[in-house]
1. Could you pull out the residue among SER21, SER56 that is more than 16 Å from GLU289 (Cβ to Cβ) and exposed (fewer than 15 other Cβ atoms within 10 Å of the Cβ)?
2. Can you confirm whether ALA293 is in contact with a strand residue (DSSP E or B) (Cβ under 8 Å, 6 or more places away or on another chain) and within 30 Å of SER21 (Cβ to Cβ)?
3. Going through ILE18, ILE33 one at a time, which residue ends up being among the aliphatic types (A, V, I, L, M) and under 21 Å from the mean Cα position of the chain (by Cα)?
4. Just to be sure I understand, how many residues within segment 303-324 are open to solvent by 70 Å² or more (accessible area, probe 1.4 Å) and either of a type in the set (D, E, K, R) or under 23 Å from THR11 (Cβ atoms) (or both)?
5. What is the one condition in (1) within 18 Å of LYS60 (Cα to Cα); (2) among the acidic types (Asp, Glu); (3) at pLDDT 95 or above that ASP355 does not satisfy?
6. Being aromatic (Phe, Trp, Tyr) and farther than 19 Å from THR275 by Cβ is the filter; apply it to segment 184-223 and report the residue that is least open to solvent (accessible area, probe 1.4 Å).
7. Quick one: which of VAL357, VAL300 is closer than 30 Å to TYR31 by Cα and open to solvent by less than 10 Å² (accessible area, probe 1.4 Å)?
8. Among the candidates THR30, THR14, which residue alone is surrounded by 17 or more Cβ atoms within 10 Å (Cβ to Cβ) and of a type in the set (Val, Ile, Thr)?
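The values are calculated or read from the model by the stated rules, or taken from the named source; none is laboratory data. These numbers were taken from a predicted model, which means no experiment stands behind them. Cβ atoms come from the backbone with ideal geometry, glycine included; neighbour counts cover every protein chain shown. Quick note on the areas: whole protein, heavy atoms, side chains included, nothing else; ligands and nucleic acids left out. Shrake-Rupley method; radii C 1.70, N 1.55, O 1.52, S 1.80 Å.
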Amino acid sequence: MSTIILDKMKTIKTLNNITESGLNVFNNDTYTIDNDTENPDAIVVRSFNMHTIEFSNNLKAIARAGAGVNNIPVDKCTEQGIVVFNTPGANANAVKEMVLTTLMASSRNLFAGVAWTKTLEGEGEQIPKLVEAGKKQFVGKEIKGKTLGVIGLGAIGALVANDALDLDMDVIGFDPFISVDTAWNLSRNVQRAMTIEQLFANSDYITVHVPLTDDTAGMFNQEIFSIMKPGVQILNFSRGELVNETDMEAALESGKVGRYITDFPNENVLKMKNTVPIPHLGASTQESEENCAIMAARQVKEFLETGNIKNSVNFPNTSLPYTGKRRVAAFHLNVPNMVGQITQAISSHNLNIADMVNRSRGEYAYTMIDIDNKIIGDIIPDLEEKIKQIEGIVTTRVI
């Protein structure tokens with residue numbers, strides 16, 4: 001059933017603590033922050049599980065202050081015409097720094113060495129001698145000259161790859177869906193793997209930066225481990241479910257995998273040997289949280305005020321320069337003659353079209369049309385009602 005969305009004071013709801021710098025984006029007379037409302041215009045969220053929430057007809061947008069949207073029922077939002085944003089790249093530097101930090105620290109057995117040194121408490125003046133005698137068990141390897149395989153060359157993967165080159169590593173990258181923007185920013189010294197198997201077979205270290213999908217779930221498994229170099233170190237700062245944990249445990253026991261560094265510890269991981277379990281700290285920096293909150297808020301604000309969409313995971317990214325004219329924004333099924341029916345509804349009110357854009361994404365499409373005439377207020381409900389009656393319209397609003 002289609003929904004008419006009207007202009008009014010806009011209410012923003014947050015489901016997690018959002019930094020003040022992010023909320024300040026809505027700091028004007030047009031917005032109010034109300035975390036108790038059941039009828040918000042938009043929701044800004046971090047990790048809160050939204051799968052059991054019922055959404056009101058007034059909800060237009062959900063912005064995830066982060067990259068992953070597994071906590072949001074994206075399909076349900078699409079069916080109800082709710083745009084879902086994420087913030088790719090906003091936390092990229094934080095995750096990159098964590099990847100490179102743990103890569104170097106684990107190669108030098110720093111985590112195990114520090115933990116062992118803490119056990120010497122109480123040994124007094126013997127500690128220096130004990131340290132000298134015991135340090136040989138923590139002899140590590142330098143990363144210079146070693147090969148790092150980077151799976152996924154998005155915002156994070158590209159930064160990791162470029163900085164690893166600066167550390168004098170050889171870098172192999174694999175990403176069949178690399179964007180043009182990323183390709184421009186990626187060093188030409190990153191070697192391109194034609195297949196993921198080629199990367200697995202030639203890497204001393206492997207770091208993964210891909211979303212969790214049906215295709216990537218359990219992508220690290222016994223079959224893949226058999227291709228890798230003995231003693232390979234694997235870093236997972238994307239999603240725990242990318243790894244088949246039963247197969248990983250066996251690979252660690254046999255030494256096929258030398259060390260598993262993961263930001264997603266659980267009971268199984270904590271029982272495995274040669275793991276570095278990190279308490280989900282990849283993006284946990286003050287700068288990252290602020291960047292994500294600001295980016296999420298700006299995307300919501302832009303959408304509510306102009307209809308423009310950037311970094312949506314379910315709507316097509318769509319932009320039309322906003323000139324202050326009245327704008328019709330409609331989300332609808334991607335079927336023939338939808339745009340024609342919308343423009344016919346507009347022309348039936350003796351209104352001229354100044355500009356328009358239409359973009360599709362799978363089964364759905366998004367259309368924005370700017371009206372050249374000055375619209376008298378009482379025309380708007382009639383126009384919206386007429387567009388609403390078009391079969392296939394999901395949501396409509398006049399901005």
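1. SER56
2. yes
3. After ruling out the rest, the residue left standing is ILE18.
4. 2
5. It fails just one condition, (1).
6. Among those residues, the one meeting the criterion is PHE200.
7. VAL300
8. THR14
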